[in-house]
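Report on the structure given below.
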Amino acid sequence: MTATIDAGPRALVSHVLTGTPAVRGRYLARPGGDELQPSPARVLEALLGEPHPYDIDQWVADKVRAAVAGADVLASAPYESALRALRHLATTAAPAQYLLADLMVAPAWWEPLHAVINRYRPGTSVLYVGCDPVTLARARAWLSDLPHQVDVAAGDVLAPHTLTGLDGDDGVVLDFAEPVVVQLGTAISHCDDDTAAAVLADYAALLAPSSVLVLSAYTAPTGAAAARRVREALEFAFGETRFRPIHELDQLLPATVTPIPSGPHPAPAGFVPCDQWWPDGPQLRPGPPSQATGMVATVAVTIR
């Protein structure tokens with residue numbers, strides 16, 4: 001059940017984000033180009049510091065910040081771990097083509113993912129894929145002056161088999177017969193268990209051997225009250241959001257993948273907390289402890 005944007009959102013937020021009993025039904029942020037409807041991708045951009053967000057997206061982001069200590073860290077942690085993963089892959093004998101998911105499309109006020117990739121591996125083909133029209137339009141604008149190896153296309157990263165013939169606006173087409181790096185952001189955290197497992201299995205079947213999947217997911221915060229507030233705040237911002245313990249996340253991984261070690265020492269065979277995931281070496285300047293970074297886990301796996 002989806003509520004509409006009318007006089008209700010502020011009353012709904014008071015229920016969802018202030019600890020009063022939840023309303024019946026649930027507000028789901030939806031993709032779209034309507035500035036009166038918040039969008040998950042745009043709310044994420046607002047949390048990451050987008051300088052010119054729609055008012056409705058900024059309003060939702062502010063409510064999430066008020067409800068969740070460290071909300072900005074919770075939003076940025078998957079992006080930062082993706083930067084580390086892609087930097088590591090670009091400096092190793094990894095695939096020379098990348099597909100990057102919609103929730104990471106256009107934080108251009110940060111260092112873009114494609115810039116990190118091409119700094120270490122010039123000429124690499126990078127295709128951003130997303131479904132939010134406003135986010136895609138912004139991406140097209142700031143990619144317009146870049147070399148043609150960096151492109152954007154409308155598509156659904158949760159439907160892997162629809163991506164094989166996808167053309168970028170400037171003609172970039174990824175060759176799925178060859179290895180590809182696919183970066184999914186936190187997409188599987190917005191799926192039920194069966195769907196998340198099926199999506200990852202579809203990628204494992206679709207991608208050529210030596211391809212790499214990079215993904216993050218939300219893990220359960222400690223404490224029942226904290227868990228409820230974080231879950232309800234993120235569902236208000238992003239729609240259905242699942243928090244899974246790390247052992248349950250590991251169970252979603254197909255049997256045909258091999259985790260990439262998260263540092264110089266032997267790593268667990270699966271997800272690790274994102275602030276401990278440093279594939280190219282130990283963290284040189286550890287940041288202050290944050291419960292928020294402990295609520296995001298990251299893994300990169302090679303397709304066998």
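Listed values, structure above:
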item: Under the Karplus curve 6.51 cos²θ - 1.76 cosθ + 1.60, θ = phi - 60°, whole-Hz ³J(HN,Hα) for the stretch 83-99, x wherever Gly or Pro sits; result: 4, 5, 5, 6, 4, 4, 5, 5, 9, 10, 7, 9, x, 9, 9, 10, 10
item: Packing rank of 199-208, 132-141, 114-123, 295-304, where each peptide gets the mean count of other beta carbons within 10 Å, highest leading; result: 295-304, 132-141, 199-208, 114-123
item: By average C-beta atoms within 10 angstrom, highest first, the peptides 236-246, 155-165; result: 236-246, 155-165
item: Packing-based order for 54-62, 187-195, using average beta carbon neighbours within 10 Å, highest first; result: 54-62, 187-195
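Read-outs: derived from the displayed coordinates by stated rules, not from any lab. These numbers come from a predicted model, not from an experiment. Backbone-built Cβ (ideal geometry, glycine too); neighbour counts: all protein chains shown.
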